[in-house]
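Okay, so here's the structure we're looking at.
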Amino acid sequence: MTAFLVEAVGILAFLTNVWANILIAHKSERGWWIRLVSNVFWLAFGIAAFSVANILNAVTFACINVYGLRRWKREAAIAVARCGVLRCTRSRHYADEPCRFAEAA
């Protein structure tokens, strides 16, 4: 890979990571998936740059992101169950929070 392509992959990895973090901050499941895509970009960047530290970082954070996604899904399912609605579209609260939309259901 040319130096330009290596830097382009690194910048793409950075931008997708920032985008994913913003989505996760807004409690969007899509953020976890975008962060996994970001990990693939970071892995490609590490391989292209011959950086063992970046490769290990990408693999480690991919594992952490899979764990976070699974935990988020489990907590979201608990939150939906607390709403009393089969398909609650407003279930962006955490499992330990009461559903503020339960009265409307």
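Throughout, read-outs are computed from the coordinates displayed, never taken from laboratory work. Keep in mind that this is a model prediction, so the values were computed, not measured. Note that we place each Cβ from the backbone using ideal geometry, even for glycine, and neighbour counts take in every protein chain shown.
Things to note:
- From phi via Karplus (6.51, -1.76, 1.60), per-residue ³J(HN,Hα) for segment 5-19 in Hz, x at Gly/Pro: 5, 4, 5, 5, 5, x, 5, 4, 4, 4, 5, 5, 5, 5, 4
- Extension gain, Phe14 to Ile64: 0.36 nm times the residue separation minus the Cα-Cα distance gives 16.3 nm.
- With the simple spin-label model, which puts each label point 7 Å out from Cα in the Cβ direction, the Glu7 to Asn57 separation comes to 1.8 nm.
- Shown in residue order for segment 46-59 are the 3J(HN,Hα) couplings computed by the Karplus curve 6.51 cos²θ - 1.76 cosθ + 1.60 at θ = phi - 60°: x, 5, 5, 8, 6, 10, 4, 4, 5, 5, 5, 4, 5, 5 Hz (x for Gly and Pro).
- The alpha carbons of segment 3-70 occupy a box of 36, 20, 12 Å along the principal axes, longest dimension given first.
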